[in-house]
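S.K.: Got a structure for you, questions after.
The values are calculated or read from the model by the stated rules, or taken from the named source; none is laboratory data. Source: prediction; values computed, not measured. Every residue, glycine as well, gets a Cβ built from its backbone with ideal geometry; the counts of neighbours run over all protein chains shown.
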Amino acid sequence: MAGDSLSASDATVLIECPDSELGRMLAIARTLRDRAKGRIVTYSRKIFLPITNLCRDRCTYCTFRRDPGESGAWTMLPQEIRQWSARGRELGCKEALMCLGDKPEVAFKEYRATLADLGVRSTMEYVGRACEISLKEGLLPHTNAGLMTRAEMIALRPLNASLGLMLESVSPRLRMRGEVHQWAPDKDPAKRLAMIDQAGQLAIPFTTGILLGIGETPAERAQSLIAIRDLHERQGHIQEVIIQNFRAKPEIAMAAAPEPEALEMARAIATARIVLGAGMNVQAPPNLSPDQIELFLDSGLNDWGGISPLTPDFVNPEAPWPHLERLAERCAAAGFELRERLAIYPEYINDSWLDPGIRPLVDRLWSNIAGDNS
């Protein structure tokens, strides 16, 4: 509460707090949130563009990835990206979330042929084209494309309001035999931390977060939050941190694995708020915990992430987005006002963080939102 920086051991004590202390912990998290954010909770009106679901990684909890030729495999064509973007704009969307698998051209010669047919040399080059299409339709891209090189981020910066990469967990143990990331070379935490750090060096507003329920311990969750905080203290570029819960699905290897309980999520959200500070934007996806809206607000959260009136959550297709009017009503009943934001948070809308090429569209869309919010 005094603003002191907490250690990893402090964070572990918080995230492992007993039920008897949880109420006190949540109260501290709420107080910190209210100091900087007041009683405003935000969301981004988006479309979800799954550019390709081909992926070289094989995480045991994923239903998104496919191999070429497998049922449900796809790569979006330019005309589809254009049509979805135009329809999203008509429905009031401002964000185009570019989501895709990690480096599919490394693993699949069929996909390399697809890229050649599309007239590009790499997945990242094609993502850049997708961003250009969405920009022309009036949407702000936010690309979450897995591990990217410094050169790829430099190329995408003028075409994106922000970039993202889920850290998931800082634990290298999850890459060991029998663990969830054994067959996922791009989930090496050292590589993901390095990319997030490079994004800060390039002055790119960035989204990251942790994933609960994939075999990590509470202490490892705390260590992951500390690692995110340390990156942000060096670079100042992390605009939001997502606390996301694993969802079991019948078609995955982890079909029988337990999902994180509501109070586990509350502990993680409150720990994130206390560790990351009053000013951080802390988010949890509302479609993955539709019965916990009030609890999560009570835990120090101030954002619900992207919500789409057009496209499903392709990563968790069984979990529909909440209806915005109903979500606003529940927030209001809990004492909060639900407001729209962009894919870039207001505090990053300045020349230090935005490429001059994308700044005019950001300013125009933010002016429209600010007018609506007032």
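S.K.: Can you pull out every residue in the stretch 154-211 that is in contact with a Phe, Trp or Tyr (Cβ under 7 Å, 6 or more places away or on another chain), in a loop (DSSP other than H, G, I, E, B) and either β-branched (V, I, T) or at pLDDT below 95 (or both)?
M.R.: Of everything in the stretch 154-211, just one residue is in contact with a Phe, Trp or Tyr (Cβ under 7 Å, 6 or more places away or on another chain), in a loop (DSSP other than H, G, I, E, B) and either β-branched (V, I, T) or at pLDDT below 95 (or both), namely V180.
S.K.: Still on this structure, please answer the following. One residue is enough: does the stretch 287-304 have a residue meeting the conditions surrounded by fewer than 17 Cβ atoms within 10 Å (Cβ to Cβ), within 16 Å of the chain's Cα centre (by Cα) and of a type outside the set (F, W, Y)?
M.R.: no
S.K.: Taking the stretch 158-179 on its own, how many of its residues are closer than 27 Å to K46 by Cβ, surrounded by 18 or more Cβ atoms within 10 Å (Cβ to Cβ) and more than 17 Å from the chain's Cα centre (by Cα)?
M.R.: 1
S.K.: What single numbered condition from (1) crowded, with 22+ Cβ neighbours inside 10 Å; (2) part of a loop (DSSP other than H, G, I, E, B) fails to hold for W84?
M.R.: So the condition that W84 fails would be (2).
S.K.: Give the residue, chosen from R33, R45, R24, R65, that is of a type outside the set (V, I, T) and out of contact with any strand residue (DSSP E or B) (no Cβ under 9 Å at 6 or more places or on another chain).
M.R.: R24
S.K.: Looking at the stretch 197-212, can you tell me whether even one residue there is under 23 Å from H142 (Cα atoms) and among the acidic types (D, E)?
M.R.: Yes: one or more hits.
S.K.: A further question follows. Kindly indicate whether L139 is of a type in the set (A, V, I, L, M), surrounded by fewer than 18 Cβ atoms within 10 Å (Cβ to Cβ) and in contact (Cβ under 8 Å) with a residue 40 or more places away in the chain.
M.R.: no
S.K.: Within the stretch 221-243, track down each residue that is of a type in the set (S, T, N, Q), within 18 Å of L14 (Cα to Cα) and either in contact with a strand residue (DSSP E or B) (Cβ under 8 Å, 6 or more places away or on another chain) or buried (at least 23 other Cβ atoms within 10 Å of the Cβ) (or both).
M.R.: S224, the sole residue that qualifies.
S.K.: In the stretch 125-136, what residues are buried (at least 20 other Cβ atoms within 10 Å of the Cβ) and in contact with a Lys or Arg (Cβ under 9 Å, 6 or more places away or on another chain)?
M.R.: Once the filter is applied, which keeps residues that are buried (at least 20 other Cβ atoms within 10 Å of the Cβ) and in contact with a Lys or Arg (Cβ under 9 Å, 6 or more places away or on another chain), the stretch 125-136 yields I133, S134.
S.K.: Residues of the stretch 202-236 being under 14 Å from Y348 (Cβ atoms) and over 14 Å from the mean Cα position of the chain (by Cα), which ones?
M.R.: Matches in the stretch 202-236: L202, A203, I204, H232, Q235, G236.
S.K.: Of the conditions (1) in a helix (DSSP H, G or I); (2) among the small types (G, A, S); (3) farther than 17 Å from P205 by Cβ; (4) touching a residue at least 24 places away in the same chain (Cβ under 8 Å), A113 clears all except one; give me its number.
M.R.: Checking A113 against (1) in a helix (DSSP H, G or I); (2) among the small types (G, A, S); (3) farther than 17 Å from P205 by Cβ; (4) touching a residue at least 24 places away in the same chain (Cβ under 8 Å), the one that fails is (4).
S.K.: When residues of the stretch 181-220 are filtered for being farther than 25 Å from L6 by Cα, of a type in the set (G, A, S) and surrounded by 20 or more Cβ atoms within 10 Å (Cβ to Cβ), how many remain?
M.R.: The total comes to 1.
S.K.: Collect the residues in the stretch 212-229 that are assigned to a helix (DSSP H, G or I) and either over 23 Å from A151 (Cα atoms) or modelled with pLDDT under 95 (or both), keeping them in residue-number order.
M.R.: P218, A219, E220, R221, A222, Q223, S224, L225, I226, A227, R229
S.K.: Assess whether L97 counts as being within 24 Å of the chain's Cα centre (by Cα), buried (at least 17 other Cβ atoms within 10 Å of the Cβ) and not in a helix (DSSP H, G or I).
M.R.: Judged against the criteria, L97 is a match.
S.K.: Out of all the residues in the stretch 26-57, which are crowded, with 17+ Cβ neighbours inside 10 Å, among the basic types (K, R) and assigned to a loop (DSSP other than H, G, I, E, B)?
M.R.: If the condition is that a residue be crowded, with 17+ Cβ neighbours inside 10 Å, among the basic types (K, R) and assigned to a loop (DSSP other than H, G, I, E, B), then R56 is the only one that fits.
S.K.: Within the stretch 113-128, how many residues are under 18 Å from T149 (Cβ atoms) and not polar (S, T, N, Q)?
M.R.: Number of matching residues: 8.
S.K.: Within the stretch 58-77, restricting attention to residues that are under 15 Å from Y111 (Cβ atoms) and basic (K, R), which residue is surrounded by the fewest Cβ atoms within 10 Å (Cβ to Cβ)?
M.R.: In this case the residue turns out to be R66.
S.K.: Filtering the stretch 237-261 down to residues that are acidic (D, E) and assigned to a loop (DSSP other than H, G, I, E, B), which residue is farthest from the chain's Cα centre (by Cα)?
M.R.: Among those that are acidic (D, E) and assigned to a loop (DSSP other than H, G, I, E, B), it is E251.
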